[in-house]
1. What full-extension length gain, to one decimal in nm, is calculated for residue B:176 and residue B:126 as 0.36 nm per residue of separation minus the Cα-Cα distance?
2. Can you give the FRET efficiency for residue A:226 and residue B:110, using 1/(1 + (r/R0)^6), R0 = 41 Å, r = Cβ-Cβ distance, to the nearest 0.05?
3. Report relative contact order for the range B:1-156 in percent, whole number only (criteria: Cα-Cα under 8 Å, sequence separation at least 6).
4. Over every pair of different alpha-carbon atoms in the protein assembly as shown, take the mean of 1/r and invert it; report that Kirkwood radius in Å.
5. Based solely on C-alpha atoms, express the radius of gyration and the Dmax of the range B:2-231 in angstrom.
6. How about the range A:6-97: which trypsin sites (Lys or Arg not before Pro) there are in a DSSP loop, with at most 15 other Cβ atoms within 10 Å of their Cβ?
7. Can you pull a Stokes-Einstein diffusion coefficient for the range A:168-307 at 25 °C (0.890 mPa s), Rh from Kirkwood over Cα pairs, as a whole number of µm²/s?
8. Tell me the net charge near residue A:141. Cut-off is 15 Å between Cβ atoms, residue A:141 excluded, with +1 for each Lys or Arg and -1 for each Asp or Glu.
Amino acid sequence: MALDPIQLELLQQVAGLHEVPQGAYSLRINGALHGKNSSENITIEKKTDKPGIDIYIKAGTKKESVHIPVILSQAGISELVYNDFHIGEGADVTIVAGCGIHNGGSEKSEHSGIHAFYLAKGARVKYIEKHYGSGDGSGERVMNPTTEVYMDEDSYMEMETAQIKGVDSTDRVTKAELAAHATLVIHEKLMTHGKQFAKTTFEVSLNGKGSGTHVVSRAVAKDDSRQVFLSKIHGNNRCSGHTECDAILMDNAVISAIPEISASHVDAALIHEAAIGKIAGEQLMKLMTLGLTEQEAEEQIINGFLK
Amino acid sequence: MLEFQNVSFTADSADILRNVSFTVSERFVAVTGPNGSGKSTIAKLIAGIYTPTSGKILLDGVDITDLSITERARMGISFAFQQPVRFKGLTVKDLISLAAGKVDGKKISAADACAYLSEVGLCAREYIDREVNASLSGGELKRIEIAMTMARGSQLTVFDEPEAGIDLWSFNNLIDVFRKMYDKTKGSIIIISHQERILDIADKIIVVSGGEIAAMGEKNEILPELLKGSGGCRFTASRKEDC
Ligand SMILES: Nc1ncnc2c1ncn2[C@@H]1O[C@H](COP(=O)(O)OP(=O)(O)O)[C@@H](O)[C@H]1O
Ligand SMILES: [Mg+2]
């Protein structure tokens, strides 16, 4: 079955894809699995006990990617999906997930995904997740992603999440447990406007010797939107952890940043930083001296900040 | 031609400039004077960052006193700040592209960007994709600021202490940059500076002191007086670099 233009637009926004992807993929549309494809090294299986899929990546798989976009283009759908990723020893892969909701109706559309990643020894994953909402219906677009990451020794994961437009309400939870010499890097980008609400919670437990994490969030809140950023790092061994929230506040928006670091080992080195402020007047002025209007200057500054 | 007519500027009930009048029709005008005398204030009044409390500012006979920063920029005024601004996320290429008038997300070509950067002594390959954030040194920022004004190519460019924070080797190159600009420009360049070698390439020098114009005239007339120092001089000017 071919995708309609709205579905194609959502696919483009969340996965950068112009068509159904090549290679390993799973595409979920309006509450049902639309199609999936396994490759030689990557097997995708539909779960039998609950909605969702299991993704198995063979040990040693190099430079392959998996796309698992989710699209809701009908109003009124609510779903809860479980996706489990099993990444074999020494594999090096890119996983692109993402959820696009188009709501042109008056009923709420909601997608909640529970993603669990199991990284075997020395596995490397780049995980990209984008959230996007469109449609001018009055129905809310709601996304509540939960991500669990279990990292074995020497594994590495980079997680990039972005929610720039159109999602009315989000409650994102990310939890990770790291064994020795595992590293987790998280970059979150978030922009809310209108009356949107977004809450993100990161909880990273550095259990293994030499494990490390960077949790970096850049956020812009406009209009009457609200954001809450919670970031907890537990240092339970010799490890290094860093959490940073950098936020631009505009109009009547409200942002709370609540970093928390706790250490139970004398060689745990943990740092947290959080800064919230408006766009610096001198930045606007500089760009205006280049001939930009105040609005153009603001746009450039925000686009750069969230790039 | 730029003209200040009896411009005064008051902030927080302090008189910062009093009845300042001058014209800039020469290709190269240097503004000098002690720290705190009001030089940067004059630059900000030209760019529209400050609006005069009284008096008028004209550009080519048009009253621009009440025009915004953006409107003045679009009329052809460029301003290199004394303290360049840092931006998280915007790169050198982004800023040079905006300076060259590309607001729609298009970027200038790598070759053009490189040409501007190498003019100011920066290795383009190293800098083009750098973010203009706290990782750049003061001297690097100053040079990028100058490269931006080159990309703008405006009819009137104001440089506020371009030499500050730039090491001696680079300073020699900087003089060459301004010499070249002098040869190429069809408009006017105003440089606020304490440096004799910069004052030396000016057609005209304006000396500001205590918020007023202490002296103004051709270089040959003003520079020797300045170099004599304060002893017995009719005006004072510090040649120390601002910190
Ligand atoms: N916006 C302002 N509000 C209050 N005081 C100001 C403002 N701008 C400049 N000043 C004061 O005016 C004087 C001249 O400043 P400035 O023009 O920066 O001097 P210069 O560039 O010659 O060193 C200084 O004493 C400075 O503190
Ligand atoms: Mg100054």
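1. Full extension from residue B:176 to residue B:126 adds 15.8 nm.
2. 0.45
3. RCO, the range B:1-156: 21 percent.
4. 26.8
5. Taking only Cα atoms of the range B:2-231, I get Rg and Dmax of 17.5, 56 Å.
6. Listed in order of number, the matching sites are A:47.
7. In µm²/s, the coefficient rounds to 152.
8. Once positives and negatives cancel, what remains is -3.
Taken together, the values in this text are just the output of simple stated rules run on the coordinates, not laboratory data. Note that the coordinates shown come from a computational prediction; the quantities given were computed from them, not determined experimentally. Cβ coordinates were reconstructed from backbone atoms using ideal geometry, including for glycine residues, and neighbour counts include every protein chain displayed.
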